Amino acid sequence: MTVSGRFVALLALGVVPVVLLGGEMALAFAALGGWVLVCVVLGVIDLALAASPRRVRVSRELPARVRLGADAAAELFVTNVGTRRLRGVLRDAWEPSAGAQPSRLAVDIPAGERRRLTVSLRPWRRGERRVEQITVRATGPLGLWSRQATLAAPGRIRVLPPFASRKHLPSRLARLRELDGTTSVMLRGQGTEFDSLREYVRGDDVRSIDWRATARRHDPTGGRGARVMVRTWRPERDRRVVLVVDTARTSAARIADEPRIDTAFEASLLLAALATRAGDRVDLLAYDRVVRGRVQGATGAELLSRMVDTMAGIEPALIEMDWSAVPAQVRALTSQRSLVVLLTSLDAPGGSRGLLSVLPQLTKKHIVVVASVTDPETEAAALQRGRREDVYRAASAERALLDVARVSAAVRRLGGEVVTGSPGDLPPALADRYLALKAAGRL
């Protein structure tokens with residue numbers, strides 16, 4: 001049972017006789033007591049006439065998935081199975097990160113009828129957003145006292161990564177098509193495969209002549225039908241790309257108001273979309289000391305669908321990354337030469353010792369790219385010299401940048417490549433490095 005503000009205001013009117021009969025205290029208090037008794041009786045009558053909040057049936061209709069930051073409509077169907085009209089307020093108890101608006105809805109449902117209520121959801125965290133119950137408050141006809149009950153009404157919605165970096169995909173796909181067009185006339189070499197046959201033109205390398213195809217096209221009469229055919233080549237397709245996302249404690253740090261792990265997911269999705277359009281096969285591994293998520297063997301549209309669904313439920317674990325197990329995890333995914341992308345953090349040399357110790361095992365067989373997000377506030381602080389406090393802050397920022405540079409240089413000495421950038425710049429920078437490896441014939 002709850003009381004309303006109307007009942008409190010009604011009680012407050014009992015002060016009037018106390019003020020008017022201030023000289024006769026006994027009479028004033030008797031009048032006040034009588035007024036309180038009248039209010040309580042009215043409240044009891046109002047409560048008795050209110051509908052039962054437990055005689056309500058609730059069902060939900062929710063979308064299965066929604067992208068982070070997007071709007072979704074959650075529909076709630078409320079049926080009054082009682083014999084009295086239900087007037088009051090319903091609270092849909094979504095967890096705060098679901099962004100439910102409004103959280104309280106006015107209801108007025110005659111006996112035996114059903115109403116549909118709509119709640120707008122705008123989640124601001126990935127993962128499973130759940131609701132377990134609703135609270136129904138039924139008021140009486142006077143609006144003084146209310147009956148309240150909490151009912152089970154479970155529901156959930158899966159919040160996927162936003163994939164905001166997809167805005168960079170059209171320009172990278174255009175560069176990929178341009179790359180295919182310009183490299184189809186290149187000579188055969190590492191990282192290329194046969195494309196097509198065409199007629200010889202002046203300037204072609206004679207080593208590209210296909211004598212068998214030329215013989216098949218040869219005119220035995222020696223007429224104008226005789227043609228020399230040459231082979232053309234293009235970057236090799238159906239290569240392997242393995243994305244390893246570090247989900248240990250360093251991935252929980254927020255850079256530019258975004259967790260490092262979310263930036264790693266954005267970069268992984270953009271690279272996967274680009275690589276699958278290029279005809280390569282992409283595998284994803286989210287790992288710290290155990291496998292948090294794995295996507296293997298998917299192609300085309302299924303790849304991105306499975307990736308975002310796997311990423312949705314992964315949160316950083318507050319433990320150290322076990323880099324010694326990463327080579328074995330990569331071998332479990334593929335046994336052929338691949339592009340292995342390690343999405344992690346490059347901080348102090350001491351914290352990167354585990355990564356540096358296993359790089360030789362990976363670079364011996366694979367092309368390794370280490371992608372790390374940098375803090376734009378650190379770079380901005382290094383440029384400020386106005387006050388004494390700014391100078392100390394700039395010195396600290398320079399120290400941090402030098403540490404990143406030292407670890408990056410060590411990665412390059414061990415045969416790997418490094419891609420760094422702010423949360424908004426890292427995904428396109430990683431896609432550009434992939435295209436550069438394609439253009440160089442290394443992938």
| request: Name the residue, out of ARG65, ARG87, that is crowded, with 17+ Cβ neighbours inside 10 Å and basic (Lys, Arg). | output: ARG87
| query | What number goes with the only condition from (1) part of a strand (DSSP E or B); (2) open to solvent by less than 40 Å² (accessible area, probe 1.4 Å); (3) farther than 30 Å from VAL40 by Cα that ALA149 does not pass? | reply | (3)
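Looking at region 403-420, which of its residues are assigned to a helix (DSSP H, G or I) and either over 30 Å from ALA325 (Cα atoms) or touching a residue at least 24 places away in the same chain (Cβ under 8 Å) (or both)?
Narrowing region 403-420 to residues assigned to a helix (DSSP H, G or I): 403-413.
Residues satisfying the conditions are ASP403, VAL404, ARG406, VAL407, SER408, ALA410, VAL411.
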| task | Give region 125-146 a look and list any residue that's open to solvent by 10 Å² or more (accessible area, probe 1.4 Å) and under 22 Å from ALA73 (Cβ atoms), or say none. | result | ARG125, ARG126, GLU128, ARG129, ARG130, GLU132, GLN133, THR135
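On the given criteria, is VAL44 open to solvent by 60 Å² or more (accessible area, probe 1.4 Å) and of a type outside the set (Asp, Glu)? Break it down into steps so the answer makes sense when it comes.
Values: open to solvent by 60 Å² or more (accessible area, probe 1.4 Å): yes; of a type outside the set (Asp, Glu): yes.
Considered against the rule, which asks whether it is open to solvent by 60 Å² or more (accessible area, probe 1.4 Å) and of a type outside the set (Asp, Glu), VAL44 comes out as yes.
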| query | For region 297-402, which helices (runs of 4 or more DSSP H) that fit wholly inside it have 3 or more residues that are in contact (Cβ under 8 Å) with a residue 24 or more places away in the chain, of a type in the set (Lys, Arg) and under 21 Å from GLU258 (Cβ atoms)? | reply | none
| Hits in region 355-388 - residues which are more than 14 Å from VAL341 (Cα to Cα) and among the basic types (Lys, Arg) | LYS364, ARG385, ARG387, ARG388
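The values are calculated or read from the model by the stated rules, or taken from the named source; none is laboratory data. As the structure is a computational prediction, the values presented were derived from the model and not from experiment. All Cβ positions, even for glycine, are placed from backbone atoms using ideal geometry, and neighbour counts span all protein chains on display. Quick note on the areas: whole protein, heavy atoms, side chains included, nothing else; ligands and nucleic acids left out. Shrake-Rupley method; radii C 1.70, N 1.55, O 1.52, S 1.80 Å.
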